[in-house]
Amino acid sequence: MTLQAASDTKLEKAHLTIKPVTAAGADAGSPRTLALHFNPTDYRVTKSAAWTRSAARAAKHAGPLQWLGAQPSRLTMTAFLDESDSASGSVLADAETLLACCAPTPESLQRNEPCAPYVTFVWGTTTGFTAVMTEVDVTFTLFRNDGQPCRATAVLTMEEVDVAPARQNPTSGARAVTRTHVVRAGDRLPLVAYRMYGDAALWRLIADANGIEDPLALRAGETLLVPARHAEPS
């Protein structure tokens, strides 16, 4: 994660950059910017790591710890939406844009690679990590006579995604986007393939890229290379 100190010389407005991507992380359309009506009063960034402890029956103390890997960073913030000063303004469109960040983009559905957009929180010179929106909780608090909401608060939760640099394909010389995935407890290759590509049958792409023979034998904490879907052999 990269966080830089914001400038004190002028008031910078915070915004979210929303970028459509494919399930493999490749660009799938032009990014858009959602300006926040008010800068947040605070936001929280959390980071955790996974550990396991081996049982030691004869030991006087706890068994040895084994580090399984870092968990993705999470950012939680509250966005304030307000159009009450305008004669007929509504916050409904902005609220729907935020809610749509939890659903596949039209661009990814057209490619049969369903994936929600990547989101980045930006405030002046402060740039958060690339993330996916895992939860959006909107509360409408003020309404016009016709029922249109003109004020709302939205609690946003974003989870970091791995964005790997483009890798060189040694056989064709072409550039291919490759992502990584940290195995969680209970993961199996078909499940990982469904998350990454929207198609569990493409698990062999991941297996071949990582030299895996048994798709069910994954260890929590290990990092898998996830090649772009167009790397599928013909």
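The values are calculated or read from the model by the stated rules, or taken from the named source; none is laboratory data. Note that this is a predicted model, so its numbers are computed, not measured. Because the Cβ atoms are built from the backbone with ideal geometry, glycine has one as well, and the counts that use them run over all protein chains shown.
Observations, loosely collected:
- Selection from the stretch 31-50 of residues that are of a type in the set (S, T, N, Q), under 17 Å from the mean Cα position of the chain (by Cα) and in a loop (DSSP other than H, G, I, E, B): S48
- Checking R111, R144, R53 one by one, the residue that is basic (K, R) and touching a Leu at 6+ places or on another chain (Cβ under 7 Å) is R53 and no other.
- Residue check, D162 among the charged types (D, E, K, R), assigned to a loop (DSSP other than H, G, I, E, B) and surrounded by fewer than 12 Cβ atoms within 10 Å (Cβ to Cβ): no
- Subset of the stretch 163-213 [of a type in the set (D, E, K, R) and modelled with pLDDT of 75 or more]: R184, D187, R188, R195, D199, R204, D208, E213
- Residue within the stretch 107-125 that is over 26 Å from T22 (Cα atoms) and surrounded by fewer than 17 Cβ atoms within 10 Å (Cβ to Cβ) present: yes
- Test: residue in the stretch 56-65 that is in contact (Cβ under 8 Å) with a residue 12 or more places away in the chain, surrounded by 17 or more Cβ atoms within 10 Å (Cβ to Cβ), within 29 Å of V192 (Cβ to Cβ) and in contact with a strand residue (DSSP E or B) (Cβ under 7 Å, 6 or more places away or on another chain): no
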